[in-house]
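Engineer: Please see the structure below; I have some questions.
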Amino acid sequence: MADRVTVIGWDGSPLTAAARSALSAATLVAGAGHHLALPEVPPAAERIRLGSVDLAARRIAGHRGTAVVLADGDPGFFGVVRTLRAPQHGLEVEVVPAVSSVAAAFARAGMPWDDAQVVVAHSRTLRRAVNVCRAHPKVAVLTSPGAGPAELALLLDGVHRTFVICEELGTEREQVTVLTSDKAADHTWRDPNVVIVIGGAAATQGGGWLLGRDPGAVRGWALPPHAYGDGLRTGESAGLRAAQLARLGPRTGDLVWDIGCGAGALAVEAARFGAAVIAVDEDPAACARTEAAARHYGVQLQTVAGRAPHVLERLPEPDVVRVGGGGAAVVTACADRRPERIVAHATTRDEAEAVGAALADGGYAVECALLQSVDLDPGAWTERDRTVVFLLSGHRPAASP
């Protein structure tokens with residue numbers, strides 16, 4: 001095992017005295033090509049071109065001597081420190097930090113970033129990173145080959161955003177470009193880079209006490225129908241909405257389809273959980289009501305006017321789906337897209353059986369419950385409204401090990 005491992009962050013500035021001291025004593029140095037070309041790297045030291053951090057960690061663990069790992073920005077912020085400290089390697093590291101590439105990118109843009117979301121985009125997380133960009137007005141994306149500005153722009157098709165693209169920060173080839181997302185797909189970009197994605201109607205509210213989006217002043221979920229005005233579908237009580245949200249479990253990085261959005265109640269509340277939402281309705285007035293509700297509650301979502309299931313063909317892949325209208329035919333079309341979960345409701349047993357069969361035929365494990373909601377006047381304890389609906393939910397069974 002290496003006698004000593006020092007991780008040095010590099011942001012293009014001259015190395016600190018601590019960094020120079022650690023490098024001068026190094027018998028092994030790992031880093032990218034531009035790191036290994038630094039004049040402070042000892043000529044006699046073994047050099048490892050840093051591709052796979054896990055592989056480099058194994059070589060460092062087997063090295064007898066003093067190792068140094070050079071990394072761009074702050075190596076403890078989405079950086080190599082986490083991998084090096086993994087239990088299987090048994091390495092104890094000292095860290096010499098630098099300004100993170102995210103902080104540097106926002107500094108180049110002249111923008112605060114305490115109200116920003118930060119995500120990492122690579123081949124496995126690109127779609128989820130894009131969903132965060134759909135849902136939030138300010139996002140910093142740490143990109144990678146094959147998951148860069150062009151790929152982000154292509155997956156954001158139809159959603160207008162402004163890109164601040166920072167290439168090779170801290171090097172002589174550093175370049176900052178500002179353009180709209182529809183133009184980014186037409187260029188070839190250098191790695192590594194940070195993309196700041198800005199836009200949307202929702203106002204960002206940096207409260208100065210919490211990194212990321214402020215949770216806002218509204219407390220609670222499944223708000224009463226009057227909170228969304230007119231336009232809720234028949235049978236859509238707050239209790240039904242609460243049960244649907246509980247079964248969907250929308251979260252940051254998800255894309256939610258809300259089909260038959262009505263007044264936008266479920267769409268808005270899914271967005272308040274941090275999910276990206278596409279709200280679909282054949283009635284343009286319903287889409288307008290949903291957009292108004294989103295503005296009122298300070299969240300972002302996209303509306304699509306059109307009749308399901310045909311309009312669904314051009315939408316990006318969902319993680320979870322709420323079917324608020326359209327019955328078994330729409331449920332079948334959604335099941336064909338293989339979301340993790342689908343929820344729907346029905347007002348008659350025949351309709352419930354048809355929806356349940358559509359879910360089962362699509363390969364989903366099906367649950368059904370009969371929900372009764374009675375709205376009471378607490379003054380006179382008399383009944384004001386009664387709703388009885390079938391709640392159906394389907395989830396894809398876990399794959400066999």
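The values are calculated or read from the model by the stated rules, or taken from the named source; none is laboratory data. Since the structure is predicted, the reported quantities are computational estimates derived from the model, not experimental observations. In this analysis, Cβ positions are derived from the backbone assuming ideal geometry, glycine residues included, and neighbour counts consider all displayed protein chains. Remember, those area values only see protein heavy atoms, side chains included, never the ligands or the DNA or RNA. Shrake-Rupley method; radii C 1.70, N 1.55, O 1.52, S 1.80 Å.
Engineer: How far apart, in nanometres, would the label points at GLU313 and ARG64 be if each is projected 7 angstrom from Cα along the Cα-to-Cβ direction?
Structural biologist: 6.9
Engineer: Set the Förster distance to 45 Å, then compute FRET efficiency between THR83 and THR162 from the Cβ-Cβ distance, nearest 0.05.
Structural biologist: According to the calculation, E is roughly 0.85.
Engineer: What FRET efficiency, computed as 1/(1 + (r/R0)^6) with R0 = 22 Å and r the Cβ-Cβ distance, is obtained for ARG173 and LEU38, rounded to the nearest 0.05?
Structural biologist: 0.90
Engineer: From the phi of every residue in segment 285-300, what ³J(HN,Hα) in whole Hz does the Karplus formula 6.51 cos²θ - 1.76 cosθ + 1.60 yield, where θ is phi - 60° and glycine or proline is x?
Structural biologist: Along segment 285-300, the couplings run 5, 5, 4, 5, 5, 5, 5, 5, 5, 5, 5, 4, 9, x, 10, 10 Hz.
Engineer: What residues have an amide H closer than 5 Å to that of ALA30, excluding those fewer than 5 places away on the same chain, when H is modeled at 1.01 Å from N in the peptide plane?
Structural biologist: Under 5 Å from the amide H of ALA30: ILE48, VAL68, VAL69, LEU70.
Engineer: Follow-up question, since we're still on this one. Can you pull the three principal axis extents for the Cα set of the chain, in Å, largest first?
Structural biologist: Cα spread of the chain along its principal axes, largest to smallest: 84, 47, 47 Å.
Engineer: Among CYS368, TRP381, GLY324, whose Cα lies farthest out toward the positive end of the dipole of segment 311-382, if unit charges sit on the beta carbon of Lys, Arg (+1) and Asp, Glu (-1)?
Structural biologist: Selected residue: GLY324.
Engineer: Picking from ARG251, ARG337, ARG219, which is most flexible by a Gaussian network model of the chain using Cα springs under 10 Å?
Structural biologist: Its mean-square fluctuation being the largest, the pick is ARG219.
Engineer: Under the Karplus relation 6.51 cos²θ - 1.76 cosθ + 1.60, θ = phi - 60°, what is the ordered set of whole-Hz ³J(HN,Hα) values for segment 366-379, x standing for Gly and Pro?
Structural biologist: Coupling constants for segment 366-379: 10, 10, 9, 9, 9, 9, 10, 10, 10, 8, 10, 8, x, x Hz.
Engineer: How much length is gained if the chain between THR347 and ASP361 is pulled fully straight, taking 0.36 nm per residue apart and subtracting their Cα-Cα distance, in nm to one decimal?
Structural biologist: 2.9 nm
Engineer: Using alpha carbons only, how many degrees (0 to 90, rounded to 10) separate the axis of helix 349-361 from the longest principal axis of the chain?
Structural biologist: Result, in degrees: 30.
Engineer: Moving on. With every protein chain present, what is the per residue accessible area of segment 68-131 (1.4 Å probe, Å²)?
Structural biologist: 48
Engineer: To the nearest 10 degrees, how steeply does helix 126-135 sit against the main Cα axis of the chain, on a 0 to 90 scale?
Structural biologist: The answer is roughly 60 degrees.
Engineer: Rounded, prolate or oblate, given the Cα gyration tensor of segment 311-401, with a/c below 1.5 counting as rounded? Display every interim value, and only then the final one.
Structural biologist: Numbers: a/c = 2.38, a/b = 2.14, b/c = 1.11.
Prolate.
Engineer: Taking θ as phi - 60°, what are the ³J(HN,Hα) couplings along segment 64-75 by the Karplus curve (6.51, -1.76, 1.60), each to the nearest whole Hz, with x for Gly and Pro?
Structural biologist: Per-residue couplings from phi come out as 9, x, 10, 10, 10, 10, 9, 9, 6, x, 8, x Hz.
Engineer: Still on this structure: Against the longest alpha carbon principal axis of the chain, how many degrees, from 0 to 90 and to the nearest 10, is the axis of helix 327-336 turned?
Structural biologist: The angle comes out at about 20 degrees.
Engineer: Right, something else. Give, in nm to one decimal, the length gained when the segment between ARG4 and LEU376 is fully stretched (0.36 nm per residue of separation minus the Cα-Cα distance).
Structural biologist: 126.9 nm
Engineer: What residue among GLU383, GLU92, GLU367 shows peak mean-square fluctuation when the chain is described by a Gaussian network model with Cα springs under 10 Å?
Structural biologist: The residue that fluctuates most here is GLU383.
Engineer: Next question. Would you calculate the separation in nanometres between label points at GLU92 and LEU210, each defined as 7 Å from the Cα along the Cα-to-beta-carbon direction?
Structural biologist: Those two pseudo-labels are separated by 3.8 nm.
Engineer: Contour minus end-to-end for ALA185 and ASP283, with contour as 0.36 nm per residue of separation and end-to-end as the Cα-Cα distance?
Structural biologist: Details: separation 98, 0.36 × 98 = 35.28 nm, distance 3.23 nm.
Here the segment from ALA185 to ASP283 would lengthen by 32.1 nm.
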